[in-house]
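Here's the structure, in structure tokens; my notes come after.
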Amino acid sequence: MCLIIGPRGMVNPVLFLRGRERLDMSRSFVAEQSPTVCFDFGLQGNPFANPSSSASSHSQGKANGCADRLATFGHGLNHDLSVFNCCPNDLLMSQRLLLCKGLAVVLVAGHIVVQLLPSAVTYLALIPARTIPFAWNLITAGYIEQSTYGVVISILGLLFMGKLLEPIWGSKEFLKFIFVVNFLTSVCVFITTIALYYITTQEHYLYMPLSGFQGVLSAFLVGVKQSVPDQELSLLRIKAKWLPSIMLLLSIAISFFTPESATYLPILIFGTYIGWLYLRYLQRKPETKFRGDPSEDFAFSTFFPEFLRPVIDPIASIFHRMLCGRSEASTEARGYTLGGAPLPASDPIEASRRRERGARALEERLAAERLGAAQGSEESRRDGNDNV
């Protein structure tokens, strides 16, 4: 994956391109654009990587390899471009992952504490009946893993997805996302368990300890869906945009066979939804002065199969008007919209998606033309043979 760091440190993902015939566009782009740094993190399936190149040629091309291979579309920057190619083990990546590593240490420390002092679960985990005097449980519960496999999965998920999301959002926004999602998820889980108690009159809903980082991990999957929706996982052949939906579907299916599903299923569901709400309506983008991601590719209905979207869209539109009707009116007053929609290319992520769709349509059209030309030449050859 390539990331472009523009003026003032803004970081935006560059598209995953298919087809090496467009890679030569990078040379003209490099000569025209503004002070920007491109980092190639070498994710699996990176289309810029050359599988036939040796280790020595890779090391020699670190300074300018990304410049020769960078392919992007659009405009918006005006000066020279400084491009560097960095691998995950380089110093820059280590610096960008300091926050992820620090959070991993927090998760390990929390797990050790509850293993050495089991009574600490009462004060750190979310126990609905005791949350009123111990209100800090709404914050600490998300960082306490009570099982060993839980802390291992949380750390792996944090480091793997954090390697992608932290450079895109920045460390400050990344930390803010984790804090907001964790706190609001705990609040929603607390309200849900209280409601379940009043509905079922079963006291175990009030006293079961709820904790874990899985709510934030599910929100990270939503961030991956937003950042690289069309990237395919090499092993599963599944696009990244379906990861949150598949995770929730599997969790709901497993919950029918596990008696303690109430300890994790609400956290996963609310973590996914709160993550989407934050990225859709609340995340601030300094480069455009907008909040959220209004693109159709990130609508709530995109979490569902195509045949269900006509049913989901009318319901989701009601909440959309409730959540962002006022903000849309304010952006129209500032002149950032045209006909109720944001101006084209005002959002770099949406502009990238549009350029990707346009490039894909152009590729399909060229492929169809080449196929038609080949068929036409074959027919003319057959006619010539018949005449002979």
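The values are calculated or read from the model by the stated rules, or taken from the named source; none is laboratory data. Values in this document were obtained by computation on a predicted structure and should not be read as measured data. So basically every Cβ, Gly included, is an ideal-geometry build from the backbone, and we count neighbours across all protein chains shown. The protein model used for the area step is the full one, side chains on, heavy atoms only, and it has no ligands, DNA or RNA in it. Shrake-Rupley method; radii C 1.70, N 1.55, O 1.52, S 1.80 Å.
Key figures for this structure:
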read-out	value
Given (1) at pLDDT below 65; (2) under 24 Å from the mean Cα position of the chain (by Cα), number of the condition residue 338 does not satisfy	(2)
Residue tally, condition over 22 Å from residue 229 (Cα atoms) and assigned to a loop (DSSP other than H, G, I, E, B), over region 138-183	4
Which listed residue, of 218, 186, is in contact with a strand residue (DSSP E or B) (Cβ under 9 Å, 6 or more places away or on another chain), within 29 Å of residue 298 (Cβ to Cβ), assigned to a helix (DSSP H, G or I) and modelled with pLDDT of 95 or more	186
Residue within region 118-140 that is of a type in the set (D, E, K, R), open to solvent by less than 10 Å² (accessible area, probe 1.4 Å) and out of contact with any strand residue (DSSP E or B) (no Cβ under 8 Å at 6 or more places or on another chain) present	no
Filter result (open to solvent by 30 Å² or more (accessible area, probe 1.4 Å) and of a type in the set (Val, Ile, Thr)) within region 227-242	238
Long-range neighbours under 8 Å by Cβ, at least six apart or interchain, first residue part of a helix (DSSP H, G or I) within region 369-382, second among the β-branched types (Val, Ile, Thr) and open to solvent by less than 60 Å² (accessible area, probe 1.4 Å)	none
Given (1) open to solvent by 20 Å² or more (accessible area, probe 1.4 Å); (2) within 18 Å of residue 163 (Cβ to Cβ), number of the condition residue 218 does not satisfy	(1)
Enumeration of residues in region 302-318 that are part of a loop (DSSP other than H, G, I, E, B) and surrounded by 13 or more Cβ atoms within 10 Å (Cβ to Cβ)	304
Considering residues of region 259-293 that are out of contact with any helix residue (DSSP H, G or I) (no Cβ under 9 Å at 6 or more places or on another chain) and loosely packed, with under 14 Cβ neighbours inside 10 Å only, the residue nearest to residue 139 (Cα to Cα)	260
Answer from 310, 305, 344 - the residue that is over 18 Å from the mean Cα position of the chain (by Cα), closer than 24 Å to residue 222 by Cα and at pLDDT below 60	344
Region 141-193, residues that are over 17 Å from the mean Cα position of the chain (by Cα) and surrounded by fewer than 20 Cβ atoms within 10 Å (Cβ to Cβ)	146, 147, 148, 149, 150, 152, 153, 183, 187, 188, 191, 192
Test: residue in region 225-241 that is closer than 18 Å to residue 181 by Cα and either in a loop (DSSP other than H, G, I, E, B) or among the aliphatic types (A, V, I, L, M) (or both)	no
